[in-house]
Amino acid sequence: MGACVDKLPHSCGTRQGLQVFEKEDGQYDGYCFSCKTYVPDPYENKPEGYKPPPVHKKSPEEIQQELDEIEELPVAEIPHRRLRKETLERYGIKVGFSPADGITPDIAYFPIEKEGKTIGYKAKLFDPKRLWTVGSAVDCDLFGWDQAVKTGAKTLYITEGEFDAVALFQILKDGNANTKWAHYDPAVVSIPFGASSADKVLSRLYQKIKNVFKEITLVFDQDDPGKDAVERVVRLFPEIKIATLPAKDANECLVEGKSKAAMKAVLFNSETPKNTRLVLGSSLREAARTAPEWGYSWPWKKMTEATRGIRLGETIYIGAGVKMGKSEVVNALAAHLITEHKWKVFLAKPEEANRKTYQLLVGKVAGRIFHDPNIPFDFDAYDRAEPLIGDNAVMVNLYQHLGWETLKADIKAAAAMGVKAVIIDPITNLTNQMGTAEANEALVSIASELAAMAMDLNIVVFIFCHLKAPLNGEPHERGGKVLSTQFAGSRAMMRSCHYMIGIEGNKDPELGDQERNIRSLVILEDREFGVSAKTDLYWDGKTGLFNELGR
C-alpha cells in the first residue's frame, strides 16, 4: 500500500477503520483494519474522478524538527497506569503534559527503532484517545527490542501494546525483587502496531528473534482481537507459548493489583496450544447439515465442473513432461486467481527469473506475449494489464536455489501477507542435490508438511513437477500417457494431495501446428469425488493463452 490519505466508515460497522491508500499510479484502494478486508475501490459510490482532500506532506526537515522536539521531552511517571519513571525511561518513552495544568501526563511518545536507530515515534494521546506516527515506521523492530537483547534472557515475552510491555517488565521485575533473580532483567517487547499486524510483523522478524531467544511467549490481550491475533500467529509458529492473563492485558493486571497472578500466568502457566485430535460427532451437527458449496473457479470451465472448484486447505499436484507447457499452465492459473478472485498468489519458481514470471503473468491478462524479442512489445497493452497483477503476485527473491526450510518460512510469511494460493514449480528443485532414495524420503516429508500447512493457513497449494520418463511406450512429448506413478514422490503425493493432474500432448514436428499446440489436463487421482476427467486446451501462439476446446 502507498500513503494513507483518508479514513472512512465501512460496512462492518467501523467509523474510521477503512483506511484509504494512494498508490503510485494515483489510484486508490483501501483496507479495513477492523474486519481485515481489502477494499479495491473505497470510493465506488463517489462521483467519477473523486479525490480525497489533499494531505500536507511534511518535508524531511519538518519531520526531523518534530523528532528533535520529542527528544527534548522529559520522562515522567504515568500515575493512572501505575507506570514508574525508571521503567518508562528504560524503554525511552517521552511524556507530554496537559497544557491546562502543565503537570498531568496527557500524551506518550514511544520510540520506533530499526537496527538500533530511532526512526520515528508513535504518539498516543490519552483523552480523547488518538494515535499517530511521527517519522518512519517502515520495517521497524519490535518495541523494546534492543533492551530485550541486552538482557541475555532465553525467553522473549511479546505483548500487544507498548504500555503492556512496560507494565509486564515492571510486574516481573518487582516480583523477583527479593529473590536470587533480582538482578536479572526480563526480555519484554511489544508488537509495534497492535494485534491486527501481529502475524505479519512476527513473520518478518521471526528468524531474527530465534537467533537470540530460545523461547517465545505471547502475552496478548484477552479480548477477541487479541485471541484472533494469537490464533493467526500460532498457525504460523505452533511452537510459540501462550500466556493467559487474569485481566484484559498486562497493564490492567498492574492497575487492578493482579501482578502476582499475572507473573504466575506468564512464568509458570504459559503453554503451547494443545492440538487435540478428538472431535465429538455432535459438535459437527450444524456444520455437516450445511449444503456443500462450489469452490473457486479454474481458468477452464470443465476443470471447475470436474473438481467442483478450487478449495482452500487442499493441495493439488500437477505433472508434465519436459517442455510440455507446464509453465504456461502455472501462469494462466496464477493470473486467473489474481484477476478473477482478487487473490494474492505466491509463486516459487526457482528456474525462472522473476522479471520473466511477471511478464508472463501480465501477458496472460493482456492476451499478449511480452518476453519474446521476435514479437514487438505492446506497451499500451502492458500498461493496461499490469495494474491488475501488481502486488498480488508475490515471488521468492532467489534464482536457481530453493531449500525446503527457507521456502517453508516464505510460505508462512506470504500467508501472513494475505496470500491464498501457493504455486511451487518445480517441487523437484528442492531435492536436486539428493540421491533417489533420499529425494523420495524428503518428498514424503515435504508433501505431508505442505498438506498440513494448506489446512492450517487456509490456503491452496499447487505443486508442479517434471515427470519420470515412461518405462515403455511413447515418451510424454510424443503423446505418451501420463500415469500417477510417473510423478516425483508419487506414493507420498497420492497420500497427501487431493488431486494429481497430468498434462498430456504431442509435440511431434510432423504434426500440424494446431495439433501440436493441443494439451490435455487429465485428472488421475481425485481424493474428494473420485472423478476421472480430461480438459482439452489449445495454446494460441499469438496471444500466449490456453483456450479451452469445445467451449
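Every number here is computed from the coordinates shown, using simple stated rules; none is lab data. All values derive from a computational prediction rather than experimental measurement. All Cβ positions, even for glycine, are placed from backbone atoms using ideal geometry, and neighbour counts span all protein chains on display.
For the chain, DSSP calls about 60 percent of its internal beta bridges antiparallel.
Could you pull out every one of the aspartates and glutamates with an alpha carbon less than 17 Å from that of Lys349, ignoring same-chain neighbours closer than 8 positions? Excluding near neighbours in sequence, the set is Glu328, Asp391, Glu405, Asp410, Asp425.
Ordering of 154-164, 439-449 by packing is 154-164, 439-449, highest average first (other Cβ atoms within 10 Å, averaged per residue). Descending by average beta-carbon neighbour count within 10 Å, the peptides 102-115, 409-422 line up as 409-422, 102-115, the highest first.
The angle separating the long axis of helix 162-175 from the principal Cα axis of greatest extent in the chain is about 60 degrees.
Looking at the stretch 60-267, the DSSP beta bridges with both ends there are about 65 percent antiparallel.
Each of Ser98, Ser203 has some number of other Cβ atoms within 10 Å of its Cβ, and from fewest to most they run Ser98, Ser203.
Straight-line cross-link partners of Lys51 among the aspartates and glutamates, defined as a Cα under 16 Å from its Cα and at least 8 positions apart when in the same chain: Asp6, Glu22, Glu24, Asp25, Asp29, Asp41. Helices in the chain, meaning DSSP H runs of at least 4 residues, each add -39500 (n - 2.57). Divided by all residues, the mean residue ellipticity at 222 nm is -9500 deg cm²/dmol. Descending by average beta-carbon neighbour count within 10 Å, the peptides 510-523, 323-336, 369-382 line up as 323-336, 510-523, 369-382, the highest first. With axes computed from alpha carbons, what is the tilt in degrees of helix 198-210 against the longest principal axis of the chain, rounded to the nearest 10 within 0 to 90? That helix lies at roughly 80 degrees to the long axis. Legend: distances between Cα atoms for Lys117/Lys173; Lys214/Lys258; Lys7/Lys420; Lys122/Lys227; Lys323/Lys364; Lys241/Lys420; pairs beyond 22 Å are Lys117/Lys173; Lys214/Lys258; Lys7/Lys420; Lys122/Lys227; Lys241/Lys420. Counting only the Cα atoms, the stretch 93-153 fills a convex hull of 103 Å³ per residue.
The alpha-carbon of Lys154 sits under 13 angstrom from the alpha-carbons of these aspartates and glutamates, leaving out residues fewer than 8 places away in its chain: Asp185, Glu215. Could you give the nm distance between label points at Lys150 and Lys46, where each point is 7 Å from its Cα heading toward the beta carbon? Here the modelled spin labels are 4.6 nm apart.
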